[in-house]
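The values are calculated or read from the model by the stated rules, or taken from the named source; none is laboratory data. Source: prediction; values computed, not measured. Note that each Cβ is placed from the backbone with ideal geometry, even for glycine, and that neighbours are counted across all protein chains shown. Note: areas computed on protein heavy atoms with side chains; ligands, DNA, RNA excluded. Shrake-Rupley method; radii C 1.70, N 1.55, O 1.52, S 1.80 Å.
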Amino acid sequence: MEVSYLASNTAPAVPYTTYPELLRKWASKTPYKAAFIVVDKDLRRTVLSYRDLYENSTKFAKSLVHHGVKQGDIIGLSGRNVPEWLIANFGIQMAGGCPLYFSFHKKDGNDIVTLFQGVGKVKLVIFDPGAEEQNCAIVSRIVEKMSTDVKLNSSSTNKLERVIAFYKNAHPLFNQSISDFYAIDVDIELPRLDPEDLGAILLTSGSMGISKAVPHSHHAILTICHHFFKSLSPQSEDESENDILYNDRKFSWSAGYPLWEIFGGGTRVVATDALTSSSLFALTEVVAEIIKREKVTHAVLIQPVVDILMKEKLAIKLKKIIILGTVGCRSVLDCVGEICDELVNMYGMTELGTIAAESYRVDDVSAYKHKVLSVKPLPGVELKVTDENGHLVPVGDRGLIQVRSQKRFTGYLNHESRWVDQLVRTGWLNSSDGGYITTDGSMVIEGRINGIMEVYGSKVYPFQVENALKGMKAISNAVVIPIREKETKFCVPCAAVVYHPGSEDTTQNIQEYIREEFAYTKENPIMASVYVPQVVVQFKIFPQTSNGKPDRHGIAAEVKRQIDSKNRP
């Protein structure tokens with residue numbers, strides 16, 4: 001019996017140095033080249049060269065050291081994709097500190113206080129006031145709670161010593177800005193960094209619960225950079241230097257972290273407010289305009305944007321489109337040969353970065369037979385599929401995906417995982433994703449394995465129904481929520497759907513489509529209870545987690561609210 005295990009036979013060629021050292025390299029080699037082109041909501045562009053980014057970050061780092069930042073200090077960093085975020089990030093790292101990336105979600109700031117409490121030793125906060133300075137009030141509450149809460153105040157390491165805003169604002173407490181710090185030359189020596197020093201703390205999406213804090217050393221960041229860079233398969237570093245990547249994911253997300261550009265010396269184009277667009281259609285129009293104007297060669301896009309680009313026949317042509325962070329449906333391959341030469345499907349985790357990828361060209365499309373896209377492990381990565389007891393399953397059988405990588409993950413800073421003993425003993429990390437290995441040596445990732453539905457002893461994962469729903473022409477995105485029937489107490493599927501602009505469908509048509517997809521529901525009608533959505537709830541757009549993924553808890557709460565309101569007498 002062939003078992004479900006894959007491994008790359010290539011060793012990763014990761015330089016043993018620090019993350020800021022790569023920036024210094026490009027500032028020396030190509031000082032006037034654009035490292036980042038930042039486009040605001042009015043499509044105005046700001047260009048940040050490698051030299052300017054390095055020099056301003058160095059000045060900011062020296063000011064931080066001058067004001068008491070020491071090696072190992074954790075500094076909270078939150079903001080949009082603006083030059084100030086980049087300067088603050090590299091400045092913190094050059095000063096020997098470690099940025100903890102976070103986002104504002106609750107007006108009372110309690111979630112941030114809980115995060116800081118769980119991580120500990122957060123000495124300073126650097127934040128973006130926001131387009132309307134709305135974040136100032138939240139930070140003010142955070143500062144107040146951290147100064148008065150007895151539990152937080154029991155240790156001096158948990159006291160905020162300073163708050164710095166991205167720019168000048170009207171709030172009286174936050175009158176220090178990043179430019180105040182790097183505008184003045186400070187004659188001070190920066191600490192010597194080691195590749196094993198803590199370099200960044202990223203948060204998981206929190207799609208199934210609390211966002212967990214994941215620590216990365218400088219060398220770990222470089223390993224993540226290397227994997228992302230190699231996923232795009234450049235033949236040489238010189239080749240990548242001529243490419244321009246559009247990626248509007250937030251810098252603080254693992255999918256948007258400054259990886260490709262810092263590792264390969266290319267130019268990245270970002271949109272500061274792209275993800276706040278009024279609709280997917282509006283977002284797609286902005287993306288298409290930026291891609292054409294900036295002569296972008298590679299673009300990280302979400303699948304609904306790719307679908308609209310195809311449907312509206314917007315005149316763009318890219319070398320490569322990259323999809324990541326979500327399950328890639330087969331239908332997205334239609335873009336190959338039309339708006340791009342090649343589609344790259346990436347699979348990754350905040351804990352390990354990009355761990356697997358696959359490229360699809362025109363010749364690959366017609367022969368591809370699976371409903372969702374597959375990937376292969378990157379250098380230094382092993383993948384396996386197991387049952388609930390951790391035993392390998394046969395090739396082709398569905399199960400739990402587990403990952404082992406040269407880039408080791410050592411645990412969360414604010415969360416105890418039940419998998420930690422296995423992780424420490426074997427190095428294998430439970431991905432919480434489900435999928436299977438194909439006979440041709442690829443892995444199909446189908447989605448989160450949580451929220452299993454069971455009727456009369458038969459188990460079905462939500463992603464099985466979700467991926468089928470995404471095959472419908474009218475549906476842009478789908479999340480399946482298990483809801484408990486009052487009479488039987490079994491969990492049955494409820495579909496939350498987002499339609500493509502100008503498209504809708506009926507619950508009856510959706511149910512019939514699923515019956516056709518899962519043909520054996522006709523032979524055994526009782527199985528329809530576990531596959532066919534009993535309720536369909538329409539969303540204009542799904543609520544999102546801090547990392548831009550569908551917030552399953554938020555979706556479930558809204559679904560429950562709508563169902564309860566309909567059931568009221």
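Taking the chain as the reference, fit the longest principal axis to its C-alpha atoms, fit the long axis of helix 552-567 to the helix C-alpha atoms, and give the angle between the two in degrees, 0 to 90, nearest 10.
In the chain, helix 552-567 runs at an angle near 50 degrees to the longest axis.
Under 5 Å between amide H atoms, partner at least 5 residues away or on a different chain: which partners does residue 399 have, H built in plane at 1.01 Å?
When sequence neighbours closer than 5 places are left aside, the close amide H contacts are 435.
Would you mind counting up the charge near residue 360? Only other residues with Cβ under 15 Å from its Cβ, with Lys and Arg at +1 and Asp and Glu at -1. Kindly include the intermediate steps, with their values, before the conclusion.
Working: positive: 319, 320, 330, 361, 369, 371, 376; negative: 334, 338, 341, 342, 358, 363, 364, 440.
Summing Lys and Arg as +1 and Asp and Glu as -1 gives -1.
Return the subset of 319/376; 317/376; 371/470 for which the Cα-Cα distance in this structure is over 18 Å, preserving the input order.
Numbers: 319/376 21 Å; 317/376 26 Å; 371/470 10 Å.
The answer is 319/376; 317/376.
How long is the gain from residue 194 to residue 540 if the chain were fully straight, where each residue apart is worth 0.36 nm and the alpha carbon distance is subtracted?
Working: separation 346, 0.36 × 346 = 124.56 nm, distance 4.77 nm.
Taking 0.36 nm per residue and subtracting the Cα distance, the gain is 119.8 nm.
What distance in nm separates the simple spin-label points at residue 9 and residue 474, each placed 7 Å from Cα in the Cβ direction?
According to this spin-label approximation, the distance is 4.9 nm.
Work out from phi, with θ = phi - 60° and the Karplus expression 6.51 cos²θ - 1.76 cosθ + 1.60, the ³J(HN,Hα) of each residue of the stretch 63-80, listed in order in whole Hz, and give x for Gly and Pro.
Per-residue couplings from phi come out as 5, 4, 4, 4, 8, x, 5, 10, 4, x, 5, 9, 10, x, 9, 9, x, 6 Hz.
Can you give the Rg to Rh ratio for the chain, taking only C-alpha atoms and Rh from Kirkwood?
0.96
How far, in degrees from 0 to 90, does helix 218-231 lean away from the longest principal axis of the Cα atoms of the chain, to the nearest 10?
50 degrees
Give me the percent of the accessible area of the chain that comes from carbon and sulfur atoms, probe 1.4 Å, all protein chains in place.
Values: 12120 of 24830 Å².
Looking at the chain in its full context, I get 49 percent from C and S.
Is it possible to state the helix-based mean residue ellipticity at 222 nm for the chain, with each DSSP H run of 4+ residues giving -39500 (n - 2.57), the sum divided by total residues, to the nearest 500 deg cm²/dmol? What is it?
Numbers: 19 runs with 174 residues, N = 569.
One gets -8500 deg cm²/dmol as the mean residue ellipticity at 222 nm.
How much area per residue is accessible in the chain when the probe is 1.4 Å and only protein heavy atoms are counted (Å²)?
On the way: 24830 Å² over 569 residues.
On a per-residue basis, the chain sits at 44 Å².
What distance in nm separates the simple spin-label points at residue 282 and residue 105, each placed 7 Å from Cα in the Cβ direction?
Here the answer is 2.4 nm between the modelled labels.
Remind me, relative contact order of the chain in percent, using alpha carbon pairs under 8 angstrom and six or more residues apart?
Details: 1168 pairs, mean separation 73.6, N = 569.
Relative contact order here is 13 percent.
Lys and Arg at +1, Asp and Glu at -1: add these up for the other residues within a Cβ distance under 15 Å of residue 336 and post the number.
Details: positive: 317, 319, 320, 330, 361; negative: 307, 334, 338, 341, 342, 358, 363, 364.
Residues close to residue 336 contribute a combined charge of -3.
Please state the relative contact order of the stretch 1-138 as a whole percent: Cα pairs under 8 Å, 6+ residues apart? Walk me through the numbers on the way to the answer.
Details: 169 pairs, mean separation 28.2, N = 138.
It comes to 20 percent, rounded to a whole number.
Under 5 Å between amide hydrogens, which residues at least 5 positions from residue 551 or on another chain qualify, with H placed 1.01 Å from N in the peptide plane?
HN-HN under 5 Å from residue 551: 544, 545.
Kindly write out, for the stretch 163-174 in residue order, the coupling ³J(HN,Hα) from the Karplus curve 6.51 cos²θ - 1.76 cosθ + 1.60 (θ = phi - 60°), rounded to whole Hz, with x marking Gly and Pro.
With the stated coefficients, the stretch 163-174 comes to 10, 10, 8, 4, 8, 4, 8, 7, 6, x, 7, 10 Hz.
Tell me the angle of helix 507-517 to the major Cα principal axis of the chain, expressed in degrees between 0 and 90 and rounded to the nearest ten.
Tilt relative to the chain: about 80 degrees.
Tell me, what ³J(HN,Hα) does each residue in the stretch 396-401 have, in order and in whole Hz, if you take phi through Karplus 6.51 cos²θ - 1.76 cosθ + 1.60 with θ = phi - 60° and put x for Gly and Pro?
x, 8, 6, x, 8, 7
Multiply the residue gap between residue 21 and residue 179 by 0.36 nm, knock off their C-alpha separation, and tell me the result in nm, one decimal place. Could you put the intermediate results ahead of the total?
Values: separation 158, 0.36 × 158 = 56.88 nm, distance 2.24 nm.
Gain on extension, residue 21 to residue 179, equals 54.6 nm.
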